[in-house]
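Here is the structure we will look at, set down as structure tokens.
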Amino acid sequence: MRKSSSSPVTIYALGGLGEVGKNMYCFETESSIVIIDAGVRFPGMELPGIDYIVPDYTHLKNNRNKIRALVITHGHEDHIGGIPFLIQSVNIPVIYAPRLAAAMIKNRLDEYRMSQRVNIVEYSDDSVFNVDDFTISFFRVTHSIPDSFGVVLDTPQGRIVSTGDFKVDLTPIGPDIDLNKMAKLGSEGIDLLLSDSTNSENEGFTPSEKNVLDSIEEIFDIAPGRLIVSTFSSNISRIQQICEVAVRHKRKIIILGRSMEKTVELSRGFGYIKIPDDSIIQPEEMKLYKLNELLVLCTGSQGEPMAALSRIATGEHKDVKIVPGDTVVFSSSAIPGNGILIDRVVNTLTRCGAEVITNSILSDIHSSGHPGKQELRLVLKIFKPKYFMPMHGEYRMLRIHAEIAATVGVAKENCFIMDNGDSLILNKHKVSRSYPVEHGSTYIDGKDINGLAETVINDRKILTEEGMLTIAIAIDSKTNELLVPPIFYTKGLVYQSSVEQLNKCRELVENNIRHLLEGKTNFAELKTVMKNVASDYLYKQTHRRPMVIPVIMSKNEK
């Protein structure tokens, strides 16, 4: 790629600050933009019908000619899930990704029939790429998924380091964190450090994934019948441990859920998940084995209605039905907002006779992909950054991380707690605040990148909480005669005791319409009066403001 004249580097996030998920961090000069990660955030029940939340890409669209590369730190959905939507919006010349993440991205793009549109280049910890003013290199970290890396951006203005998601796991399931390389970077000098804040509220070290093995063994020992374990399909370290114990206990493994099946297939191909071929059976083969000889590994740990575990709970899964004696384990912590969905599935499973385990070390340690306070202190001591910007976390997590940095040698005035869209400028090894960039969220319903406007989301919330009232009238626009009095259609609003209130509301609307029709008026004015009269009256009576939809039919002479 061409080499540009050096200019200050602007650093900003389009997602990942003030929230957990939707990670997207941008580094921009006069001539180029390098992006680290392009993730999604999964909605809770407060956003009915929404599948994903991605950043608003408007700023990138307006600067599309400057985009040079997208760098991926690891293969979790909150870091790669937005790629199909991003490349529908702007051209990404190249995606640099570690091996497992590259395979996951290709698989996701195949689903969207986009695999031919992107050049994906795999990297390792020895890779170095020159992209305009940026020299990009990497260091290995430990996380709950293999092939996780931090990123180093060397520029004429200074060095920027992003840790990605990490933890300091000294007994990891996979390769070790490269503390030597991290220490070398720190000794050479780091101007600005961006570091993972997700677990910054927890004191001490996050336990190693290997610590969970004893609890997994215990659950296998006490389960009298079939064992059903649900976890995130991307938590490959946990999947490997569960399958490893299942093989030792001579249980056959059935894998359910499209994302789980694909992740296990890819991870086995790369050697990250090791399961003997004869230990995996198809669902239809379960009848050949005793119940205490089976392990079902499935998706649905967040109570998602269409996931495998939810369909098993409701009896809608074609291959697996809950029977008394089954033990169901939720091996993940609840994403904020999903507690109600999970409780609903747990109650349904319990009604069917299953023993459900939710509060175990299997769920408590799910967050072990992220560092506790002592790990954060250690990494800050190793890197010794001059300036610090906590990333990947809600506001309180970012603030705590900044406070930690101030206690281990980073000047308090050099710690920047940022929000999405806020920007910093790195110029001659100095960092200062700058002007914000355009940012926001796009709500994806299905696979359409255009997403839904905020007004549509607000409408859905009103429909969910307040209900809907449609008012239909028919008029003769030539004579200003009301041909059909107002007809009310309601959804989510009427109950038996409110019929009298609706009749009174109908009478008020009709009187106001007739009054308008006595003089000059138009359809817009009629609709406004219909909405305002009905809305104001219902609010006084019920303290609800339902969505009011006026419908006017005009007489057709033909």
Discussion item. Sequence gap at least 6, Cα distance under 8 Å: using those rules, report the relative contact order of the range 12-131 to the nearest whole percent.
Written reply: 21
Worksheet, complete the sentence: the range 71-194: relative contact order from alpha carbon pairs under 8 Å, six or more residues apart, as a whole percent, is 21
Discussion item. As an exercise, use a Förster radius of 25 Å and the Cβ-Cβ distance of residue 521 and residue 549 to find the FRET efficiency, rounded to the nearest 0.05.
Written reply: 0.85
Worksheet item: With point charges of +1 on the Cβ of Lys and Arg and -1 on the Cβ of Asp and Glu, referenced to the Cα centre of the chain, which listed residue (357, 25, 439) lies farthest in the positive direction of the dipole?
Response: 439
Worksheet entry | the chain, relative contact order [Cα under 8 Å, separation at least 6], % | 16
Discussion item. Compute for the range 176-288: radius of gyration divided by Kirkwood radius, i.e. Rg/Rh, restricted to C-alpha atoms, rounded to two decimals.
Written reply: 1.09
Worksheet item: Considering only the chain, what is the antiparallel percent among its DSSP beta bridges, to the nearest 5?
Response: 55
Worksheet item: Can you pick out the pairs among 210/381; 210/250; 106/167; 181/384 whose Cα atoms lie more than 23 Å from each other?
Response: 210/381; 106/167
Practice prompt. Leaving out ligands and nucleic acids, note down the accessible area per residue over the range 472-558 with a 1.4 angstrom probe, in whole Å².
Written response: 66
Worksheet item: Tell me, what % of the accessible area of the chain is carbon and sulfur with a 1.4 angstrom probe?
Response: 49
Worksheet item: Any idea what the alpha-carbon Rg over 2.2 N^0.38 Å comes to for the range 1-80?
Response: 1.23
Worksheet, complete the sentence: Among 180, 529, 240, the residue whose Cα sits farthest towards the positive end of the charge dipole of the chain, when +1 is placed on the Cβ of each Lys and Arg and -1 on the Cβ of each Asp and Glu, is 529
Worksheet item: If you count, for each residue, the other Cβ atoms within 10 Å and average over each peptide, how do 467-474, 87-94, 518-525 line up from highest to lowest?
Response: 467-474, 87-94, 518-525
Worksheet item: Considering the values (i) 1.01; (ii) 1.16; (iii) 1.20, which represents Cα Rg over 2.2 N^0.38 Å as calculated for the structure under consideration?
Response: (ii)
Response to the item:
From DSSP H assignment alone, runs of 4+ in the chain each adding -39500 (n - 2.57), the sum over residues rounded to the nearest 500 puts [θ] at 222 nm at -9500 deg cm²/dmol
Worksheet item: Where nothing but the Cβ of Lys and Arg (+1) and of Asp and Glu (-1) is charged, how large is the charge dipole of the range 101-244 around its Cα centre, in debye to the nearest 20?
Response: 460
Worksheet, complete the sentence: About its Cα centre, the range 373-463 carries a charge dipole, from +1 on Lys and Arg Cβ atoms and -1 on Asp and Glu Cβ atoms, whose size in debye to the nearest 20 is 720
Discussion item. Projecting each Cα onto the charge dipole of the chain (Lys/Arg +1, Asp/Glu -1 at the beta carbon, about the Cα centre), which of 39, 547, 189 comes out farthest on the positive side?
Written reply: 547
Discussion item. Please give the charge dipole size of the chain, origin at the Cα centre, charges +1 on K and R Cβ atoms and -1 on D and E Cβ atoms. Round to the nearest 20 debye.
Written reply: 760
Worksheet, complete the sentence: So residue 470 and residue 399, fully extended at 0.36 nm per residue minus their Cα-Cα distance, gain in nm 20.8 nm
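The values are calculated or read from the model by the stated rules, or taken from the named source; none is laboratory data. What you see is a predicted model; the values in this text were computed from it and never measured. Note: ideal-geometry Cβ built from the backbone for every residue, glycine included; neighbour counts use all protein chains shown. Surface accessibility is based on the protein's heavy atoms, side chains included, excluding ligands, DNA and RNA. Shrake-Rupley method; radii C 1.70, N 1.55, O 1.52, S 1.80 Å.
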